[in-house]
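Single-structure report; data block below.
The values are calculated or read from the model by the stated rules, or taken from the named source; none is laboratory data. None of the values given here were measured: they were computed from a predicted structure. When we count neighbours, we look across all protein chains shown, and the Cβ atoms used for this are built from the backbone with ideal geometry, even at glycine. In case anyone asks, the SASA skips ligands and DNA or RNA and just uses the protein heavy atoms, side chains included. Shrake-Rupley method; radii C 1.70, N 1.55, O 1.52, S 1.80 Å.
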Amino acid sequence: MRQRPIGTATRGTTNPNRLRRMDRWIADAHGPALRRAGTPVAVDLGYGAAPWTAVELLGRLRTAEPRTRVAGIEIDPERVAAALPYEREGLTFVHGGFEIPLDVRPLLIRAANVLRQYDEEQVAEVWARLCSRLAPDGLLVEGTCDEIGRRHVWVALGPEGPRTVTFATRLGSLERPSDLAERLPKALIHRNVPGEPVHAFLRDFDRSWAAASPYASLGARQRWIAAVRALAADWPVTDGVRRWRQGEVTVAWDALRPGER
């Protein structure tokens, strides 16, 4: 007998291109693993009321590995039924939840805007459950973005647990880096208070951004690059200029890990 889906339905809000920043980062960071895999399967978990994000994920991952297959998983059976007409070669839609009801272990699980409605205390259990379903070289990407994808923060996890946190933004819309605080994933959003590492990180990022203001005459991209370069002197930034140019910066999870309460 099939297991009852684990989890609760999200609001279902979705827009085309909402997750483009996350998708492009995944294709770049995880492309080599997709190419090595015998069966590169990715999951769009909780895709919502419309299937756009799963359709787009397939297209973007296939730029990295044309053999990639995507399964959109939704806990609401009506949403699955509505998505079925969009199935195509390499793209399927499945009724399920955090148990990931597939016959293969996926190389990628993307869970965007899924855990925002959960309590912070539930996050570790969900992460552990999802990571247990990954292939040995797999990646879980869990995070939050705004409605049109201008601001996004996500955590990348391997089977062993969290690895990095990425902050991504459309630079033309940014007043200061701490504007991204409202899009912190559930594991971090309530920790943006004095004494917590993520608060110190965003404080230092704002200071670096202010110090880089002379670069504004060259454009927001050059100012961001200068600010991140200064930030990297004190924080374990794990990426380089090629990603910074996209309005991104990735930091080791251990540097932002919440303190004990």
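Among CYS131, GLY7, GLY31, whose Cα sits farthest toward the positive end of the charge dipole of region 1-150 (+1 at Cβ of Lys/Arg, -1 at Cβ of Asp/Glu, about the Cα centre)?
GLY31
Enumerate the helices in the chain for which the Kyte-Doolittle hydropathy averages -0.5 or more and the C-alpha atoms extend at least 20 Å along the helix's axis, using complete DSSP H runs. If you can, show how the numbers build up before the last one.
Numbers: long enough: 20-36 (23 Å, -1.18); 197-211 (21 Å, -0.23).
Membrane-span-like by this criterion, though nothing is claimed about a membrane: 197-211.
In whole Å, what three semi-axes, largest first, describe the equivalent ellipsoid of region 175-217 built from its Cα gyration tensor (square root of 5 times each eigenvalue)?
23, 11, 5
For the chain, which whole-number percentage of the solvent-accessible area (1.4 Å probe, protein heavy atoms only) is attributable to carbon and sulfur atoms?
Details: 5730 of 11560 Å².
Exposed carbon and sulfur together represent 50 percent of the surface.
When the chain is treated as a GNM, springs tying every alpha-carbon pair under 10 Å, which of VAL104, VAL153, VAL237 comes out with the largest mean-square fluctuation?
Its mean-square fluctuation being the largest, the pick is VAL104.
Can you give me the accessible area per residue for the chain, using a 1.4 Å probe, in Å²?
Details: 11560 Å² over 261 residues.
Averaged over the residues of the chain, the accessible area is 44 Å².
Between GLU120 and GLU175, what FRET efficiency comes out of the Förster formula 1/(1 + (r/R0)^6) with R0 = 22 Å and r the beta carbon distance, rounded to 0.05?
Working: r = 27 Å, r/R0 = 1.23.
About 0.25, to the nearest 0.05.
Calculated from DSSP H runs of 4 or more alone, at -39500 (n - 2.57) each and per residue, what is the 222 nm mean residue ellipticity of the chain, nearest 500? Each step should come with its number before you reach the end.
Working: 9 runs with 89 residues, N = 261.
The helix contribution divided over the chain gives -10000 deg cm²/dmol.
Computed over the Cα atoms, what is the radius of gyration of region 87-188 divided by 2.2 N^0.38 Å, N being its residue count? Write down the numbers at each step before the final one.
Values: Rg = 14.8 Å, N = 102, 2.2 N^0.38 = 12.8 Å.
Normalised by 2.2 N^0.38 Å, the Cα Rg of region 87-188 equals 1.16.
Hey, how many Å between the Cα centroid of region 172-217 and the Cα centroid of region 40-69?
Cα centroid to Cα centroid, the span is 30 Å.
Return an integer: the convex hull volume of the alpha-carbon atoms of region 17-167, in Å³ per residue. Intermediate results must be reported in sequence, preceding the final value.
Working: hull volume 15.6 nm³, N = 151.
Taking the convex hull of the Cα positions in region 17-167, it is 103 Å³ per residue.
Find, among the GluC sites (Glu not before Pro) in region 1-92, those assigned to loop by DSSP (not H, G, I, E, B) with at most 15 other beta-carbon atoms within 10 angstrom.
Details: sites: GLU56, GLU74, GLU78, GLU87, GLU89; in loops: GLU87, GLU89.
Filter output for region 1-92: GLU87, GLU89.
Quick one: of the DSSP bridges fully inside the chain, what percent are antiparallel, nearest 5?
Of all bridge pairs located within the chain, approximately 55 percent are antiparallel.
Can you give the convex hull volume of the alpha carbon atoms of region 64-109 per residue, in Å³? Show your work: numbers first, answer last.
Values: hull volume 3.8 nm³, N = 46.
Cα-based convex hull of region 64-109, divided per residue, equals 82 Å³.
So what is the relative contact order of region 169-234, in percent, for Cα pairs below 8 Å that sit 6 or more residues apart? Don't jump to the answer; show the numbers that get you there.
On the way: 51 pairs, mean separation 19.0, N = 66.
Contact order relative to length: 29 percent.
So in region 17-167, what percent of DSSP beta bridges are antiparallel if you round to the nearest 5? Intermediate values should be presented prior to the final figure.
On the way: 13 of 31 bridges.
Percentage antiparallel, nearest 5: 40.
How big is the Cα convex hull of the chain in projection, averaged over all directions, in nm²?
Details: hull surface 55.3 nm².
In nm², the orientation-averaged hull projection of the chain is 13.8.
In region 156-228, what GluC sites (Glu not before Pro) fall in a loop by DSSP, with at most 12 other Cβ atoms inside 10 Å?
Details: sites: GLU160, GLU175, GLU182; in loops: GLU160, GLU175.
Answer in residue order: GLU160, GLU175.
Just to be sure I understand: with springs between alpha-carbon atoms less than 10 Å apart, which residue in GLY46, GLY138, GLY90 has the highest mean-square fluctuation in the Gaussian network model of the chain?
GLY90
So if I place +1 on the C-beta of Lys and Arg and -1 on the C-beta of Asp and Glu, and nothing else carries charge, what would the dipole magnitude of region 169-234 be about its Cα centre? I want it in debye, nearest 20. Please list the in-between numbers first.
On the way: 10 positive and 7 negative charges, 38 e Å.
Charge dipole of region 169-234: 180 debye, to the nearest 20.
Which residue, LEU188, PRO66, ALA82, has the largest displacement toward the positive end of the dipole of the chain when charges sit on each Cβ (Lys, Arg +1; Asp, Glu -1)?
Towards the positive end, the residue furthest out is PRO66.
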